[in-house]
Structure formats: C-alpha cells, structure tokens
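The values are calculated or read from the model by the stated rules, or taken from the named source; none is laboratory data. All of these numbers come straight from a predicted model, not from anything done at the bench. Don't worry about glycine lacking a Cβ; one is built from the backbone with ideal geometry, like all the others, and counts go over all protein chains shown. To get the accessible areas, we keep the full protein, side chains included, count just its heavy atoms, and leave off ligands, DNA and RNA. Shrake-Rupley method; radii C 1.70, N 1.55, O 1.52, S 1.80 Å.
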Amino acid sequence: MATKIRKYKYIRTQSDALIHFLQSMDIKMIDSVLEPNRTYNDFDKQVFIQQLGVAFDELSQSGDTFLQRYPGSCTAVYCNYKSKGFTFMGNHSGNYFDLIIDIKNGVVRDIYECAKFECSDQKVLKNKQIKIDRSVLPFEP
C-alpha cells in the first residue's frame, strides 16, 4: 500500500489516506488502505467496500466527481455521543453521507454511519442522504 500512495506527500497515516480516497471516491484505494481483518460499519471489510461502492455510484450518477469534507460529531447521547467524524458531500449534488471514523494514532479502527451527525459548521446545506448500510430499510406502516 505504501508504494501506491507515496506520490501523495500530505498522506502520512492510514487515516490520512482513507480520508483522501473517500473524498476522491476511489474505492480500489480505500480497499487497499483498510485492514482486511476488521469490520467496518459492523460488516466484513468486503461487504462494507461493496456498499460504499454503491454509494459512490449513486453520487457519481448525480454528477459528483469529488466529496467535500465537513467535520462534526455524533449528537446521540444513547449511542456514540461526541464521537468525531465527517459529512462527505458531493461537489455537484449536495447529496451526502455521515461517517464516524474511529482513529487511534493514525490507524483506522472502525468506520460507521451516524444517524444523528451534526456538522461543526451549521451553514452546511445537505441535500439527500445516501445510505451506505442498505440492509436497514425505511419503516413502512
């Protein structure tokens, strides 16, 4: 992996690489950066990569070529309260997904969607939320 990302001088850690490749929607490089023996969003790595790839496809079909990144945190007291993460928003559509990225010493320990995520910048205008975990279907009465 290190040889593939040497050309990016500002990438010093696994978490730097993950964030860069999330923003550029490069699913192959995300796959190469993430550890194979971990789960992400409570899924095996390959399932998470497939689901993230579907989300990237949906963003691309909306005309997005890059994801803007906005820091924030979870606001759900019962869940991951104050855990740090990012809103990743399409540069054209404004469609987005919110991820908490658990990082320790530059190493990504977990990644998961956050239903109660709030951007630090209150002026960020989000459009349609793109779900990564498609196994959670909306409730229909």
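Report yes if some residue within segment 86-95 is open to solvent by less than 40 Å² (accessible area, probe 1.4 Å), modelled with pLDDT under 95, under 23 Å from Gln14 (Cβ atoms) and in contact with a helix residue (DSSP H, G or I) (Cβ under 8 Å, 6 or more places away or on another chain); otherwise report no.
no
Tell me which of these Asp64 doesn't satisfy, since it passes every other one: (1) surrounded by fewer than 17 Cβ atoms within 10 Å (Cβ to Cβ); (2) touching a strand residue (DSSP E or B) at 6+ places or on another chain (Cβ under 9 Å); (3) among the charged types (D, E, K, R).
Exception for Asp64: condition (1).
Do we find a residue being open to solvent by less than 10 Å² (accessible area, probe 1.4 Å), aromatic (Phe, Trp, Tyr) and in a strand (DSSP E or B) anywhere in segment 69-79?
No, there is no match, as no residue in segment 69-79 is open to solvent by less than 10 Å² (accessible area, probe 1.4 Å), aromatic (Phe, Trp, Tyr) and in a strand (DSSP E or B).
Checking Met25 against (1) in a helix (DSSP H, G or I); (2) closer than 14 Å to Phe88 by Cα; (3) hydrophobic (A, V, I, L, M, F, W, C); (4) within 11 Å of the chain's Cα centre (by Cα), which single condition isn't satisfied?
Met25 satisfies every listed condition except (1).
Select from segment 38-61 the residues that are without any contact (Cβ under 8 Å) to a residue 24 or more places away in the chain, assigned to a helix (DSSP H, G or I) and of a type in the set (D, E, K, R) and write down the one among them that is surrounded by the fewest Cβ atoms within 10 Å (Cβ to Cβ).
Selected residue: Asp57.
Name every residue in segment 29-59 that is on the phi > 0 side of the Ramachandran plot and either modelled with pLDDT of 95 or more or not acidic (Asp, Glu) (or both), in order of residue number.
Within segment 29-59, Asn41 is the sole residue that qualifies.
Give segment 99-115 a look and list any residue that's assigned to a strand (DSSP E or B) and open to solvent by 10 Å² or more (accessible area, probe 1.4 Å), or say none.
Hits for segment 99-115 are Ile101, Asp102, Ile103, Lys104, Val107, Arg109, Asp110, Tyr112, Glu113.
For segment 122-135, indicate whether the set of residues that are outside any loop (DSSP other than H, G, I, E, B) and under 22 Å from Leu34 (Cα atoms) is non-empty.
Scanning segment 122-135, I find no residue that is outside any loop (DSSP other than H, G, I, E, B) and under 22 Å from Leu34 (Cα atoms), so the answer is no.
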